[in-house]
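The values are calculated or read from the model by the stated rules, or taken from the named source; none is laboratory data. Just so it is clear, the structure is predicted and the values come from calculations on it, not from any experiment. Neighbour counts run over all protein chains shown; Cβ positions are idealised from the backbone, glycine included.
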């Protein structure tokens, strides 16, 4: 009987996965990859435990679980071997060759989608002591135990039978009902269930809207600066795209071209400057939409983070002619990896949006929708928002004071709260270079360059968020940013 030595197995104790899970993973990987054949004897629990530096019971439990799953089986004298019925790789031999190809893929790809300048967010951002990074969650505020409970509830037999099936083009009605009866009324919006589509985040909703409303020969308008993914989405629709500069009162309706077909705006909390469009300007924009016959897509992100004052009513709540399509998301208020948003519009539009979504991804995962709806319905979401508002109010004050002390200019902030500041650096500052330099200091900021689609040369604007940094680290982090930003010699020209 062939035998495998214990030194063939390795685990990484720094990984978040449990030691027992890593042992199972290593053995399963070797079996499925054909490196462990049926009847191969595994190391004894004692010898493998000594080699890995773990307890013998950890190895025993791993072996027992693998035996229950049919990968291994007991052998003589309490040892284990690979089961005869274990699934193994049985594919034919790989054809000779080094895997290279002579195909010219540049001629085979019919359409390019990598046109947006990426916003750089390192995946290991938590390892930095001063992460002024936007859009990430703070685990100290999130109720993970409650989320786990909601996940277990979603795995009840009745719920599992429902969500394990193919929804076709439908959504979890429990989630849609919550959006209709609780979320939208908070923004002054009334919508029936056939006017709501669940999406994979706000960006997915914006992409769907652009595909339905835009095409070659139509004219789209967006803000400048704006999120690079929005500008790229509009360009990829084939429509003509015009960017209208954003000032202290948001997008100026007077600057909207007369032949515009669809305008994409963030009136309540402009992205990325965080300024708010006054009510008079909102009404002016709606009047202009009626007079010039264009539609408006409103991205109402982060309205929940209102700790300074109440957020202003959503643009759609003021719409009396049905011209505003509304986009919302739970990703900012819960966690970004959730990727759950929603599109609100007339039933005819949502019907076509549902058909388009079905061609792309059918529907967002059913289990995720049900877990989120449980979290919302059981009150955990509202409790989370209260905690976040209280903590973010403290961080907002600490950061505003630190920025003022250090001489950094706040070019934009949310009047109701939010989670970030838009900073204007000194003339000649290169925000890209600043961000790179600050990484060596343990500081993460976001360069403003990706948000400007039509500007050349270095950008002096950058964004600093306080949603993922402890309040005790804000002052020191801001000082490090200011020291680097104000030390630049200003020789670079052409800044934004």
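Considering the conditions (1) modelled with pLDDT under 95; (2) at negative phi; (3) crowded, with 20+ Cβ neighbours inside 10 Å, residue 417 is excluded by exactly one of them, (2).
For segment 190-211, a tally of residues being touching a helix residue (DSSP H, G or I) at 6+ places or on another chain (Cβ under 6 Å), surrounded by fewer than 23 Cβ atoms within 10 Å (Cβ to Cβ) and not in a helix (DSSP H, G or I) returns 1.
Residues in segment 126-168 that are more than 21 Å from residue 396 (Cβ to Cβ) and in a loop (DSSP other than H, G, I, E, B) were compared, and the one that is modelled with the highest pLDDT is 143. Exactly one residue out of 392, 416 is in contact with a strand residue (DSSP E or B) (Cβ under 6 Å, 6 or more places away or on another chain) and in contact (Cβ under 8 Å) with a residue 12 or more places away in the chain: that is 416. Per the conditions (1) modelled with pLDDT of 85 or more; (2) in contact with a strand residue (DSSP E or B) (Cβ under 6 Å, 6 or more places away or on another chain); (3) over 30 Å from residue 302 (Cβ atoms), the sole criterion not satisfied by residue 75 is (1).
For segment 5-18, state whether one or more residues are in a loop (DSSP other than H, G, I, E, B), over 38 Å from the mean Cα position of the chain (by Cα) and either exposed (fewer than 14 other Cβ atoms within 10 Å of the Cβ) or not assigned by TED's automatic domain parsing to the domain that holds residue 71 (or both). The answer is yes, given that some residue of segment 5-18 is in a loop (DSSP other than H, G, I, E, B), over 38 Å from the mean Cα position of the chain (by Cα) and either exposed (fewer than 14 other Cβ atoms within 10 Å of the Cβ) or not assigned by TED's automatic domain parsing to the domain that holds residue 71 (or both). If only residues of segment 275-299 that are within 15 Å of residue 248 (Cβ to Cβ) and touching a strand residue (DSSP E or B) at 6+ places or on another chain (Cβ under 7 Å) are counted, the one that is surrounded by the fewest Cβ atoms within 10 Å (Cβ to Cβ) is 281.
Scanning segment 395-411 for residues that are in contact with a strand residue (DSSP E or B) (Cβ under 7 Å, 6 or more places away or on another chain) and in contact (Cβ under 8 Å) with a residue 24 or more places away in the chain gives 396, 399, 403, 408, 411. Of all the criteria given as (1) over 19 Å from residue 223 (Cβ atoms); (2) touching a strand residue (DSSP E or B) at 6+ places or on another chain (Cβ under 9 Å); (3) without any contact (Cβ under 8 Å) to a residue 40 or more places away in the chain, the one not satisfied by residue 424 is (1).
The residue pairs whose first member lies in segment 118-131 and is closer than 19 Å to residue 16 by Cα, whose second member is part of a loop (DSSP other than H, G, I, E, B), and whose beta carbons are closer than 6 Å, counting only pairs six or more residues apart or on different chains, are 125/133; 128/442. When we screen 229, 171 for residues that are part of a loop (DSSP other than H, G, I, E, B) and either in contact (Cβ under 8 Å) with a residue 60 or more places away in the chain or not assigned by TED's automatic domain parsing to the domain that holds residue 263 (or both), the only hit is 171. All of (1) loosely packed, with under 15 Cβ neighbours inside 10 Å; (2) farther than 30 Å from residue 241 by Cα hold for residue 469 with one exception: (1). Please specify each residue of segment 438-450 satisfying the condition of being within 23 Å of residue 470 (Cβ to Cβ) and more than 18 Å from the chain's Cα centre (by Cα). The answer is 438, 439, 440, 441, 442, 443.
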